[in-house]
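Just below is one structure, and these are the notes that go with it.
The values are calculated or read from the model by the stated rules, or taken from the named source; none is laboratory data. Remember, it's a predicted structure, so these values are computed and weren't measured experimentally. For neighbour counting, all protein chains shown are included, and Cβ atoms are generated from backbone atoms with ideal geometry for every residue, glycine included. Heavy atoms of the whole protein, side chains included, go into the accessibility calculation; ligands, DNA and RNA do not. Shrake-Rupley method; radii C 1.70, N 1.55, O 1.52, S 1.80 Å.
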Amino acid sequence: NIVIADSFYPAFEQGEAFNGMVLVTCPGISTAARRWDDIELNLRAGRLKLPRRNTELTFAPFTAHQQRLVEAGGVMNTLLQKDGQ
């Protein structure tokens with residue numbers, strides 16, 4: 001699951017990221033997107049496209065560490081993989 005918003009409360013962001021939720025802070029998304037819009041998201045490049053609206057927004061690209069957390073499904077899964085469990 002991915003949640004995209006203009007901003008997140010820091011404690012919420014840390015807790016959800018720990019559990020494997022992908023949170024994308026993308027300034028302007030709340031005014032650019034509408035319900036049912038298709039979204040193309042590139043976490044590594046920091047780009048979000050809304051094809052029907054011919055709009056592209058940028059955000060801070062995910063670091064290699066953030067990308068590993070996403071791929072593993074959260075911090076706990078990352079730790080378990082390192083421990084070999």
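Residue selection: residue 78 fails the criterion of being touching a strand residue (DSSP E or B) at 6+ places or on another chain (Cβ under 8 Å) and open to solvent by less than 70 Å² (accessible area, probe 1.4 Å).
Listed here are the residues, each with its yes/no results for (1) β-branched (Val, Ile, Thr); (2) open to solvent by less than 60 Å² (accessible area, probe 1.4 Å); (3) on the phi > 0 side of the Ramachandran plot.
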residue: 13; (1), (2), (3): no, no, no
residue: 17; (1), (2), (3): no, yes, no
residue: 21; (1), (2), (3): no, yes, no
residue: 27; (1), (2), (3): no, no, no
residue: 37; (1), (2), (3): no, yes, no
residue: 46; (1), (2), (3): no, yes, yes
residue: 52; (1), (2), (3): no, no, no
residue: 65; (1), (2), (3): no, no, no
residue: 73; (1), (2), (3): no, yes, yes
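Strands (runs of 3 or more DSSP E) fully within the chain that include at least 1 residues being in contact with a Gly (Cβ under 6 Å, 6 or more places away or on another chain), modelled with pLDDT of 95 or more and of a type outside the set (Ser, Thr, Tyr): 55-58.
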